[in-house]
Amino acid sequence: MSPLSSLTLGEWYLIITCANCNTKHPLFRDLSRGESTIKATYRWTCPTCGHVSAYDSDGIERYQHLMAKG
């Protein structure tokens, strides 16, 4: 099952794509609904492969969950 399949339809999220296994994971909900500027760097461990890396605004994607993905 995809890590994105459990997200709430219509909500916005900040998504990280693991630099090692390329799996997309939600970092957290985007309460700005895609409007604010990301000005932080997040150190994150992929729950799929265990890879640890730092992601800044260039490595974080805004995503609105519009349909169920499997």
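The values are calculated or read from the model by the stated rules, or taken from the named source; none is laboratory data. As the structure is a computational prediction, the values presented were derived from the model and not from experiment. Quick reminder, even Gly has a Cβ in these numbers, built from the backbone with ideal geometry, and neighbours come from all protein chains shown. SASA here: full protein model, heavy atoms, side chains in, ligands and nucleic acids out. Shrake-Rupley method; radii C 1.70, N 1.55, O 1.52, S 1.80 Å.
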Legend entry - the chain, relative contact order in percent, only Cα pairs under 8 angstrom and at least six apart counted: 42 percent
Legend entry - Student exercise, the chain dipole from Lys, Arg, Asp, Glu Cβ charges, in Debye to nearest 20: 100 debye
Legend entry - Per residue solvent-accessible surface (Å²) - the range 2-57, probe of 1.4 Å: 60 Å²
Inset, instruction - Starting from the Cα coordinates of the chain, work out the convex hull volume and express it per residue in Å³. - result: 79 Å³
Inset, instruction - Among the trypsin sites (Lys or Arg not before Pro) in the chain, which ones are in a DSSP loop with at most 13 other Cβ atoms within 10 Å of the Cβ? Mind listing them? - result: Arg33, Lys39, Lys69
Legend entry - Share of carbon and sulfur in the accessible heavy-atom surface of the chain [1.4 Å probe, %]: 50 percent
